[in-house]
1. Starting from the range A:1-34, pick out the GluC sites (Glu not before Pro) whose DSSP state is loop and whose Cβ has at most 14 other Cβ atoms within 10 Å.
2. For A:GLU20, what is the net charge nearby, where nearby means another residue's Cβ is under 12 Å from its Cβ and Lys, Arg count +1, Asp, Glu -1?
3. Based on the Cβ-Cβ distance from B:ARG23 to B:LEU69, what FRET efficiency comes out when R0 is 51 Å, to the nearest 0.05?
4. Considering every residue in A:75-86, what mean count of other chain Cβ atoms within 10 Å of its Cβ is obtained?
5. So the label point goes 7 Å from the Cα of B:ALA54 along Cα→C-beta, right? Which residues of the range A:40-60 then have their backbone N under 19 Å from it?
6. Evaluate E = 1/(1 + (r/R0)^6) for A:GLU20 and A:ARG166, where r is the Cβ-Cβ distance and R0 equals 30 Å; express this FRET efficiency to the nearest 0.05.
7. Sorted by mean Cβ packing within 10 Å, highest first, what order do the peptides B:60-67, A:126-133, A:10-17, A:66-73 take?
8. As an exercise, use a Förster radius of 25 Å and the Cβ-Cβ distance of A:VAL113 and B:GLU10 to find the FRET efficiency, rounded to the nearest 0.05.
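Each value in this text was obtained by applying a stated rule to the coordinates, not by laboratory testing. The structure displayed is predicted, hence computed values, not measured ones. We place every Cβ from the backbone using ideal geometry, glycine too, and count neighbours over all the protein chains shown.
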Amino acid sequence: MEIPKVVERVLAGDRQAFAEVVTSYQAPLFGYLGRMGLPQARAEEIAQETFLRAWTRLADFDSRRGSFSTWLYTIAHRLALNEIGRSATRLELAMTADYEAACDAPAPADSLVAEQRRQQLRAALLQLPARDRAAVALAYIEDLALAEVARIEGCTVGAIKTRLHRARRRLAALLEDNRE
Amino acid sequence: MNDPIDEALEAARLTPPADFAARVMAEIASHQKPAHARLPPRTRLAREAAEWLALGGAVVAGLAQLLPLLFGLWTFTNAG
């Protein structure tokens, strides 16, 4: 999909053209929000708000300044950090994750073990500092280069590499602890 | 996927509900046209031109303040 053309169509009044944008970006956006540690319900709210803001502020998007995906993820990233920044929410995130795990656990033993493992992995991810987790979450979006991640975070590529290295090392240690 | 870190990041992945795009579009339908659509392209160009003009004016005004000061300093240092 050629985003500049789709944007032109939206600007010309073709509202349905925006549905193509939503369809294209919803899966990677949810992937990112999940890696940020947000539970499903919060992720849905933030993803919806991201697309609504993109819709209302499409005039601010300038393809000469950067790609559409960078612009869109910048909106999502700010919303996600605001959400995570609320201290009460942080506790809620952890509790919701545990609650969802308990409710979703299927009966067969293999599935239960897999789900427990999944929860351990998510819990380890949640223990990372928000900024480091953000760097990892953004870096794992397939169509974002490190330079774009740095742009979204408002820092240098070197700083992003440092955060990624630190986050991966910490995550590895946390996973190792869980295994013991 | 053997790397435990990749595994952790994959485990954290969420998926959008099947009707997510439809929900977003329904929400959008209840909104006004996007802000940009209310401004025709010419209006946007005129606004950008006005912004550049204001910036140019500010630069000229700043130089008009700075140059006499520099001239004064130069005169003072050469007076002796």
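1. On the way: sites: A:GLU2, A:GLU8, A:GLU20; in loops: A:GLU2.
Passing both the DSSP loop test and the Cβ count: A:GLU2.
2. Spelling it out: positives minus negatives among the neighbours equals +1.
3. 0.25
4. Mean partner-chain Cβ count within 10 Å for A:75-86: 0.
5. A:59-60
6. Rounded to the nearest 0.05, the efficiency is 0.20.
7. Values: B:60-67: 9.6, A:126-133: 17.6, A:10-17: 14.5, A:66-73: 19.9.
Per-residue Cβ counts within 10 Å, averaged per peptide and sorted highest first, yield A:66-73, A:126-133, A:10-17, B:60-67.
8. My answer for the efficiency is 0.90.
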